[in-house]
Amino acid sequence: MKILVAVKRVIDYNVQIRVKEDGSGVHTDNVKMSTNPPDDNAVEESVKLKESGKVKEVVAISIGEDKAQESIRKALAIGADKGIHVKADSYIEPLGIAKILKKIVEKEKPDMVFLGKQAIDDDCNQTGQMLAAMLKWPQATFTSKVNLKDKSVEIVREIDEGLETIEVNLPAVVSCDLRLNEPRFASLPNIMKAKKKPMEQLNAKDLGLDLTNRIQQIKVEEPPRRKAGIKVANVAELVSKLKNEAKVL
Amino acid sequence: MSVLLIAEHDNTKLKPFTLNAIFAASKIDGEVHVLVAGTNCENVTKEVASIPLVKKVLWCESPNYQNYLPENLAPLVTKTAEKYDHIVASANTFGKNFMPRVAAALDISQVSDIIKVSSPDTFVRPIYAGNAFATVKSNDKKKCVTIRPTSFEPAEKTGGSAQVEKIEPVDVPNISKFIKREETKSERPELGTARIVVSGGRGLESGENFKLITDIADKLNAAVGASRAAVDAGYISNDHQVGQTGKVVVPDLYIAVGISGAIQHLAGMKESKIIVAINKDGEAPIFNIADYGLEADLFKALPEFLAELNKLNTIQK
Ligand SMILES: Cc1cc2nc3c(=O)[nH]c(=O)nc-3n(C[C@@H](O)[C@H](O)[C@H](O)COP(=O)(O)OP(=O)(O)OC[C@H]3O[C@@H](n4cnc5c(N)ncnc54)[C@H](O)[C@@H]3O)c2cc1C
Ligand SMILES: Cc1cc2nc3c(=O)[nH]c(=O)nc-3n(C[C@H](O)[C@H](O)[C@H](O)COP(=O)(O)OP(=O)(O)OC[C@H]3O[C@@H](n4cnc5c(N)ncnc54)[C@H](O)[C@@H]3O)c2cc1C
């Protein structure tokens, strides 16, 4: 079996982002970037399935500027076999990303596509489901457990009410939750080896797809800030404030 | 112009967030039609028909829709959407699961998780874990929108009498199968809609110690929340997680105990009306957003808190 795993390079989750004064977006110059956290889980799961012998090949793909290759190299260092970088210098909406991924799926013919459940920058939570719909494949979103069988995959999903178990036929799209596994760190020798692994390069423009964005960003603003509150001396004061001042008890 | 809203229900009862979605949909356009798809779900159609903001109920019966498998539900929504300008659902695990499939089938760029309707084509949505608000305009002819339920009030439940129209199910692909759902059953209010939420973090140190949190929650008739660290450590189940990758809550009172206040946690609770933080580290970032901060050891403070609450007789049930 073969897995295609999608990794996105985003602003690191530890960075306190700053909104640009002119309302055009957030500052990204000199800001630390890293792989979208649940995408690390997607890579980890793909590589684990390869190590278990059920999967023969793992291909990592990222769509974005040249630096997106860093996220691909990281996946290669964890254990992916090959990288595909689809160069795109301006932003592409999830619909466009899904169209690009579909094109690559048609070429690479994977049995499964693994993605993160959401990207922590835009929090769109769409790409995997859109890709599945375009391919007419089933999907498993918010996945926290994977049990791969011959012709299907049994999945435990994290839903608002608790946990749900489903079984979907292969080929399928799987979007991964942070609780799916504990992503490993790449060792230095593996990082070195990853530099020699193949990386195919394509240009989004050359794929013959309609990638025009449909959503126009009018402005980006700071959310209203909360006023700093007070510290209370003890529990009795806390309860008294909640009852008499905030009137919530 | 009219809006197609997809109801979430368990085949007997409507899920409360659908009411918030209906309210949001009515801000887009007054002509709100609600699709109720399921198995033996006639009661749900009646419940929806009595919501005054709903102008029409579309009822589709088929065993294929019982468990909301998105592979089955999305084709029905896509077909029904032909006559509508907006397709709307809640941005919870229900709406997030099937709506992008509908959008992709219609070649639409979905607008996810909106917190405000500025006009029928312009919406506000949080990005970067709520650290920025983006105003976006959809240039697609039809629009697929998911709404953040806690940012809109619930629609009135009674007084309406919308017409119920039966519609035919569509073919399903048979590529996915529902096996089971393990719901955490609880007598407590639902986390998403509770008036008071008491949340515990890594500071609780164990699942047994979470009793300190649940005792207070029961006293206050509150829901129980948790940080991701507490869920990952197995102190409590995943459906309690508050934050960017968990649930978003906007209660009147949020009490964070032994939670440091990482931005990913704040993303899920910082719109709460009153925030209380109990933490032994005076420098913990949670204090920057708390209305009332108590710097104390939780193992001492929580029993005292319970004792003080027991002295009050005014707690609303
Ligand atoms: C109005 C607007 C303005 C924007 N402006 C900018 C901008 O100026 N600069 C900028 O860089 N971005 C910008 N973006 C971000 C945009 O390009 C997002 O990357 C795109 O919309 C995908 O959304 P998401 O990552 O939130 O999708 P999700 O559906 O949340 O992503 C889920 C998963 O899909 C996969 N995935 C998503 N994108 C990629 C990718 N590129 N490569 C590989 N896998 C991927 C990952 O596995 C990810 O975990 C903007 C977005 C919007 C809506
Ligand atoms: C992509 C991504 C998504 C995430 N999504 C979420 C999310 O949805 N929700 C979420 O919560 N987190 C999320 N996180 C994790 C987040 O970054 C933090 O790691 C997490 O919130 C920390 O949980 P905590 O505050 O319980 O633990 P810690 O940060 O370890 O804090 C524990 C606190 O307890 C205090 N404490 C310890 N003992 C006591 C005592 N006896 N009395 C009083 N106080 C005490 C300490 O002073 C400390 O402040 C996400 C992370 C990533 C990378």
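The values are calculated or read from the model by the stated rules, or taken from the named source; none is laboratory data. Note that the structure is a prediction, hence the values are computed from the model and not measured. Don't worry about glycine lacking a Cβ; one is built from the backbone with ideal geometry, like all the others, and counts go over all protein chains shown. Quick note on the areas: whole protein, heavy atoms, side chains included, nothing else; ligands and nucleic acids left out. Shrake-Rupley method; radii C 1.70, N 1.55, O 1.52, S 1.80 Å.
Buried between A and B is an accessible area of approximately 7100 Å², summed over both sides with a 1.4 Å probe.
Quick check: convex hull of the Cα atoms in segment B:156-293, volume per residue, rounded to a whole Å³? Mind showing how you got there, number by number?
Details: hull volume 23.4 nm³, N = 138.
In segment B:156-293, the Cα convex hull volume per residue is 170 Å³.
Of all the options B:ALA262, B:ALA37, B:ALA194, the one that moves most in a Gaussian network model of chain B with Cα springs shorter than 10 angstrom is B:ALA262. Using the charge dipole of the protein assembly as shown (Lys, Arg: +1 at Cβ; Asp, Glu: -1 at Cβ; taken about the Cα centre), state which of B:PRO149, B:TYR128, B:VAL242 has its Cα farthest towards the positive end. Checked the options; the winner is B:TYR128. A simple charge model with +1 on the Cβ of Lys and Arg, -1 on the Cβ of Asp and Glu and nothing else charged puts the dipole of the protein assembly as shown at about 620 debye relative to its Cα centre. Taking all protein chains into account, the per residue accessible area for the protein assembly as shown stands at 42 Å² (1.4 Å probe). The solvent-accessible area of B:SER260, taken with every protein chain present and a 1.4 Å probe, is close to 70 Å².
Protein-only accessible surface at a 1.4 angstrom probe places the residues A:MET1, A:MET199 in the order A:MET1, A:MET199, largest first. Farthest towards the positive end of the charge dipole of segment B:3-166, among the residues B:ILE114, B:PRO70, B:ALA103, is the Cα of B:ILE114, using unit charges on the Cβ of Lys, Arg, Asp and Glu. In a Gaussian network model over chain B where Cα atoms closer than 10 Å are linked, find which of B:ALA74, B:ALA134, B:ALA256 has the largest mean-square fluctuation. The residue with the greatest mean-square fluctuation here is B:ALA134. Counting protein heavy atoms only, segment A:90-185 has 52 percent of its accessible area on carbon and sulfur, 1.4 angstrom probe. Of the Cα atoms belonging to the protein assembly as shown, the radius of gyration and Dmax stand at 23.6, 72 Å.
For segment B:74-101, a drop of 50 Å² or more in accessible area on going from the chain alone to the assembled protein chains (1.4 Å probe) is found at B:THR93, B:LYS96, B:ASN97, B:PRO100, B:ARG101. Comparing B:GLY159, B:ILE196, B:THR18 along the charge dipole axis of chain B, the residue lying farthest to the positive side is B:GLY159, per the Cβ-charge model.
A drop of at least 20 square angstrom in accessible area, chain alone versus all protein chains together, probe 1.4 Å. Which residues of segment A:77-123 meet that? Hits at the 20 Å² cut-off: A:LEU95, A:LYS117, A:GLN118, A:ILE120, A:ASP121, A:ASP122, A:ASP123. For chain B, the Kirkwood radius over C-alpha pairs fed into Stokes-Einstein at 10 °C and 1.306 mPa s yields D = 76 µm² per second.
For chain B, what is the relative contact order in percent, using Cα pairs closer than 8 Å and at least 6 residues apart in sequence?
RCO, chain B: 15 percent.
Applying 1/(1 + (r/R0)^6) with r as the Cβ-Cβ distance of A:GLU221 and B:GLU42 and R0 = 41 angstrom yields a FRET efficiency of 0.35. Rounded to the nearest 20, the size of the Cβ-charge dipole of chain A about its Cα centre is 400 debye, with Lys and Arg at +1 and Asp and Glu at -1.
Put A:TYR13, B:TYR254 in order of accessible area, highest first, and with a 1.4 Å probe you get A:TYR13, B:TYR254. If only the Cβ of Lys and Arg carry +1 and only the Cβ of Asp and Glu carry -1, the dipole of segment B:219-277 around its Cα centre is close to 80 debye.
Could you check what % of the DSSP bridge pairs in segment B:3-166 are antiparallel, to the nearest 5? Mind dumping the intermediate values first?
On the way: 10 of 35 bridges.
Of the beta bridges lying entirely in segment B:3-166, close to 30 percent run antiparallel.
With the biggest extent put first, the Cα atoms of segment A:118-196 measure 40, 33, 27 Å across the principal axes.
Secondary structure note: in the protein assembly as shown, about 35% of the DSSP beta bridges are antiparallel.
Springs between Cα atoms under 10 Å define the GNM used for chain B, and in it the highest mean-square fluctuation of B:ILE175, B:ILE115, B:ILE28 occurs at B:ILE175.
What a 1.4 Å probe finds exposed on chain B is 47% carbon and sulfur by accessible area, rounded to a whole percent.
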